[in-house]
Amino acid sequence: MTLTTKPRHFLTLQDLNRDELQRIIERAIEMKAQHRAGTAGKPLEGKVLAMIFEKSSTRTRASFEAGMAQLGGSALFLSSNDTQLGRGEPVEDSARVISRMTDIVMIRTFEHAKVERFAEYSQVPVINALTDDYHPCQLLADIQTYTEHRGSLQGKTVAWVGDGNNMCHSYINAADLLDFQLNIACPEGYEPNSELLEKHAARIQLTRDPKQAVAGADLVVTDTWASMGQEDEKKAREQAFAGYMVDHDLMSLAANDALFMHCLPAYRDMEVSSELIEDGNISVVWDEAENRLHAQKALMEFLLQ
């Protein structure tokens, strides 16, 4: 089978322009309302999603698998433990084969280059469901959540408190696309990618002081201090990030109607206090988690139609 046009992929937020991103968010909100009202259609009936997991997951698997079912399609779970990818088959070969048998592919893995290589050889759209460098699907959910609660992020201030990790990188991309200020507070040695910082310097303020980052912010976001694959660094990271926990005292420095987000799983009383994450007036983490489902449905529909 030969395709005349190359498929659209979603490897970082920068694979969308501002209008496309806005359309996906609007559609996600619409799909959520339709799902709750029982009026949702089946726009991807007969379509098959391949889900390739080299990193374990709760929210990613549940949201993509349930989402594809709600859209009328089906999903195949492929882990590295029981596919040839895990036994050393070249990514290029797996991409050629899997993309001839399915309609769309999502990959959750370590090196971002692996997703890029898979996409290069795939005949169908490829979605980055998380790499060590980026987590763009989570940003779709975060943007949807903020939009539902407070409206557009344009012109707002977002504070990132913690590790300069894949989520932080995706927030940098979002600041560029959606025109907001991003204040990043991280300890020395845990900064985001220097090239990204330089490229988007006009949007970013980097500090070592969480209080400085959060002051006046409309949205405060954090993440676990030790991501998957960094378990051996846990103790050193806990020491480095002492003083970076987001709690009510820190949030009191933000704007009066500021929201708190965390992509989960959360380690309570480490990067976020138990009291704050359960405070429904400030914390919207459960809406944020649910919106992975609807944002990804809108994304898959966009890429396939």
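If you stretched the chain out fully between Gln154 and Asp179, how much longer would it get, using 0.36 nm times the residue separation minus the C-alpha to C-alpha distance? Working shown, then result.
On the way: separation 25, 0.36 × 25 = 9.00 nm, distance 0.50 nm.
8.5 nm is the gain from fully extending Gln154 to Asp179.
Using a Förster distance of 35 Å, how high is the FRET efficiency between His200 and Asp279, based on the Cβ-Cβ distance and rounded to 0.05? Let's see the in-between values first.
Working: r = 31 Å, r/R0 = 0.89.
So the FRET efficiency works out to roughly 0.65.
Taking 7 Å along the Cα-to-C-beta vector as the label spot, tell me the Ala242-Arg36 distance in nanometres, rounded to one decimal.
A separation of 4.4 nm, rounded to one decimal place.
Under 28 Å between C-alpha atoms is the cut-off here; go through segment 137-288 and count lysine pairs that meet it, provided they're at least eight residues apart or on different chains. Intermediate results must be reported in sequence, preceding the final value.
On the way: Lys156/Lys199; Lys156/Lys211; Lys199/Lys211; Lys211/Lys234; Lys211/Lys235.
Total qualifying Lys-Lys pairs in segment 137-288 comes to 5.
Just to be sure I understand the model, the point goes 7 Å from the Cα along the line to the Cβ. What's the resulting Gln14 to Asp257 distance in nm?
For the pair Gln14/Asp257, the computed spacing is 3.3 nm.
Please give me, ordered by residue number, the chymotrypsin sites (Phe, Trp or Tyr not before Pro) of segment 57-155 that lie in loop per DSSP and have at most 16 other Cβ atoms within 10 Å. Intermediate results must be reported in sequence, preceding the final value.
Details: sites: Phe64, Phe77, Phe110, Phe118, Tyr121, Tyr134, Tyr146; in loops: Phe110, Tyr134.
In loop regions of segment 57-155 (DSSP not H, G, I, E or B), the sparsely surrounded chymotrypsin sites (Phe, Trp or Tyr not before Pro) are Phe110.
Label points 7 Å out from Cα along the Cβ direction at Ala66 and Asp249: separation in nm?
With each label point 7 Å from Cα toward Cβ, the separation is 3.6 nm.
Fewest Cβ neighbours within 10 Å first, please rank Thr12, Thr222 accordingly.
Values: Thr12 20, Thr222 29.
Final ranking by Cβ density, sparse to dense: Thr12, Thr222.
Given [x] 57, 44, 34; [y] 185, 66, 38; [z] 104, 64, 52 as candidate values of Cα extents along the principal axes in Å, which corresponds to the one derived from the coordinates?
It is the one labelled [x].
Could you work out how much longer the chain between Thr83 and Lys211 gets when fully extended? Use 0.36 nm per residue separation minus the Cα distance between them, nm to one decimal. Don't skip to the answer; put the middle values down first.
On the way: separation 128, 0.36 × 128 = 46.08 nm, distance 4.68 nm.
Extending this stretch completely gives an extra 41.4 nm.
Read-outs throughout are calculated quantities, based only on the coordinates presented, and are distinct from any laboratory measurement. Only a predicted model underlies this, so the values are computations on that prediction, with no experimental measurement involved. Please note: Cβ atoms are built from the backbone with ideal geometry, for glycine as well, and neighbour counts cover all protein chains shown.
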